[in-house]
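As structure tokens, the structure follows; a few thoughts come after it.
The values are calculated or read from the model by the stated rules, or taken from the named source; none is laboratory data. What you see is a predicted model; the values in this text were computed from it and never measured. Neighbour counts run over all protein chains shown; Cβ positions are idealised from the backbone, glycine included.
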Amino acid sequence: MPKEGRFMAIITVKNLSKTFKVKLKEKGLKGSIKSIFKPKYKVVRAVNNISFEVEKGEIIAFIGPNGAGKSTTIKMLTGILYPNKGEVNVLDINPVVNRKKLAYQIGTVFGQKEQLWTHLTPYDNFKFFGAIYDIPEAAVEKKIEEFNEVFELSEFINTPVRNLSLGQRIRCEIVASLIHEPKVLFLDEPTIGLDPVVKENIRTLIKRMNKEYKTTIFLTSHDVGDIEKLCKRVIIINDGKIVLDDSMENLKYHYLNKKIVEVKMREKVNLDNEEGITILKDKGYNLKIEVDITKKSVTDALKLLNPENIVDINISNIPLEDIISTIYKEGI
Amino acid sequence: MLTAVKNQTRITALSIKYALMREMLNKATFTSNVVFMVLNNASFIIQWVVLFSIRDNIGGYTLKQVLLLWGLAAMTYGVSRFFFAKAFSLSNIINNGKLDSFLVQPKNVLISAITTDVSPSALGDILYGYIILFIYGFSFGTFFLYTLFGILGGLIVTAISVILNSLSFWFQKTDVIAETGNNLMTNFATYPDGIFKGAVKLLLYTLVPVGIATYLPIQVLTEFNLVKLLIVLGFTIIIVLLAFLVFYKGLKRYSSSNLMIARI
């Protein structure tokens, strides 16, 4: 049932857990021989009792440091892995029970794993993917034509995938995953290894498919640019647990209680031991300070610098990357 | 149900076609793989010709029957390695987490995973099988039965490989066990069954079912017997179903991986 004032959740995760049994081995040959006769195992809790919901049309960032449990969660949502505990529902389908039915409704792109046939052209690959999803040939042709126009593929649509640049290849991977018009798209680090221009192209493509096809996007990425430019909501996972689930706006509001002030001055000013001010860089007439606005307002900080003394000034927020790093390190 | 089977068959055929196209990119390598496999198989017949110049009958087989045995063994081997090449390295696919891309597709995971590659030399085996049939004596009836037994034998060999490789879901590296099982199937298939007695013979009709994949078909091809034909057919169905059962049971234990993977 739709919740009051909200859209219906199309991904529901309740108390989800996944553990892996990992074999332990002592060092050297002796350790290897010992592990044959007396193997020791440890249980790694990759995902530990997480719960969340995703609404239709959202672009959600599911982020965390390496080994936090992001990919394991995506793999449980898409039916690749079986959970040990908990419930998963994507579009009212349980991936464990009905993997095939779900596969018709979702798309997946794993930035580290190639799904396209490299000796075939993107055009042939799209046709192959159309066949996988039982789409009639005429409908696939029409869809390819449409994607060719929307996502500007004409330049390389008839070039074998192995001859494409990484950016063009990822673009084709994403387009191939859209051929059956999935309602939800899971993107696992889609911009990994791409240069800034290509990253921007991929982001535009993701935004466009969210807008044009109303596709819900579940994104994992280590690139803060992806998160900042695409997502309105962010879930941070660390050590298998959700440490933050909030809107991007709230994240910035709550965690941006520090401002960075960069000034060029006529005369040197000594701000040592001033409460709420941390000196980040001091190059004589050029100063970079961090102002903790819970302790000192920016106006008060500027008064200390003396406005008459300031030649140039730049006030900015703490980069999102630093906020996320702090959450990774310290939790909430 | 019928539509699902039709769609699965369509995508399997497409997958095999694309895999073959990939192998044909290098024409010289492709052709030499096929031709040299035919020559390689032919070279083994020489020793049998020498043996039959000394004796008329070895293990109840004449030279013509040994030829047929080799032909059918090659057909069986060829069908399994050409159409289901990845069944023989399934352990590696499981251990390296390469099943992910098949699991997110609305198709049968096992069939999709084992039909993404073809072995050009296996095409040489199939070709060799038919050359032998023409030497043995061609008739439409024999051709039909021979092709049927080649396919059934190929399915039996593939199913055994899938079962042994699927043990990787439980015991990680089982590629050596699988390889040993596959080699046993291939090696025993090229000897007349009359030379095996007692426990070995029992083994060949049970654990290493070469008897059902090759010996019974040779007996049917030499003298038609419906019961024996049905035994081969029934056994094939059972072992293929068992392969699916073991694979899907194991799939619940699949742990994927985060290795960088390219489909090449």
Q: Give the residue, chosen from B:Ser53, B:Ser32, B:Ser80, that is under 30 Å from A:Arg99 (Cα atoms) and among the polar types (S, T, N, Q).
A: B:Ser80
Q: Please specify each residue of region A:141-163 satisfying the condition of being within 14 Å of chain B (Cβ to nearest Cβ) and surrounded by 19 or more Cβ atoms within 10 Å (Cβ to Cβ).
A: A:Val161
(Q) Can you find a residue that is surrounded by fewer than 18 Cβ atoms within 10 Å (Cβ to Cβ), over 19 Å from the mean Cα position of the chain (by Cα) and more than 11 Å from chain A (Cβ to nearest Cβ) anywhere in region B:3-12? (A) yes
Q. Taking helices (runs of 4 or more DSSP H) that do not extend beyond region A:214-332, which have at least 2 residues that are over 30 Å from A:Thr12 (Cβ atoms)?
A. A:298-305, A:320-330
(Q) Being surrounded by fewer than 12 Cβ atoms within 10 Å (Cβ to Cβ) and over 27 Å from A:Thr78 (Cβ atoms): is that true of B:Asn183 here? (A) yes
(Q) Just to be sure I understand, how many residues within region B:41-66 are without any contact (Cβ under 8 Å) to a residue 12 or more places away in the chain and either under 16 Å from B:Ser119 (Cα atoms) or touching a strand residue (DSSP E or B) at 6+ places or on another chain (Cβ under 9 Å) (or both)? (A) 1
Q. Would region A:237-245 turn up any residue that is within 14 Å of the chain's Cα centre (by Cα), charged (D, E, K, R) and more than 30 Å from A:Val43 (Cβ to Cβ)?
A. no
Q. Say we look at region A:173-196 and pick out the residues that are in a loop (DSSP other than H, G, I, E, B) and free of Cβ contacts under 8 Å to residues at least 60 places away in the same chain; which of these is nearest to the other protein chains (Cβ to nearest Cβ)?
A. A:Ile179
(Q) Can you say whether B:Tyr215 is within 14 Å of another protein chain (Cβ to nearest Cβ) and at pLDDT 85 or above, as far as the supplied structure shows? (A) no
Q.
Can you go through B:Ile135, B:Ile111, B:Ile94 and tell me which one is within 14 Å of chain A (Cβ to nearest Cβ), touching a helix residue (DSSP H, G or I) at 6+ places or on another chain (Cβ under 8 Å), part of a helix (DSSP H, G or I) and surrounded by fewer than 20 Cβ atoms within 10 Å (Cβ to Cβ)?
A. B:Ile111
Q) Just to be sure, is A:Ile170 closer than 22 Å to A:Lys70 by Cα, touching a residue at least 60 places away in the same chain (Cβ under 8 Å) and not assigned by TED's automatic domain parsing to the domain that holds A:Pro65? A) yes
Q. Of (1) within 14 Å of another protein chain (Cβ to nearest Cβ); (2) over 27 Å from A:Lys100 (Cα atoms); (3) in a helix (DSSP H, G or I), A:Tyr123 satisfies all except one. Which?
A. (2)
Q. If we scan region B:189-196, do we find a residue that is surrounded by 16 or more Cβ atoms within 10 Å (Cβ to Cβ), assigned to a helix (DSSP H, G or I), at pLDDT 85 or above and of a type outside the set (Ser, Thr, Tyr)?
A. no
Q | Elements of type helices (runs of 4 or more DSSP H) in region A:5-110, at least 2 residues being surrounded by fewer than 21 Cβ atoms within 10 Å (Cβ to Cβ) and more than 14 Å from chain B (Cβ to nearest Cβ) | A | A:28-37
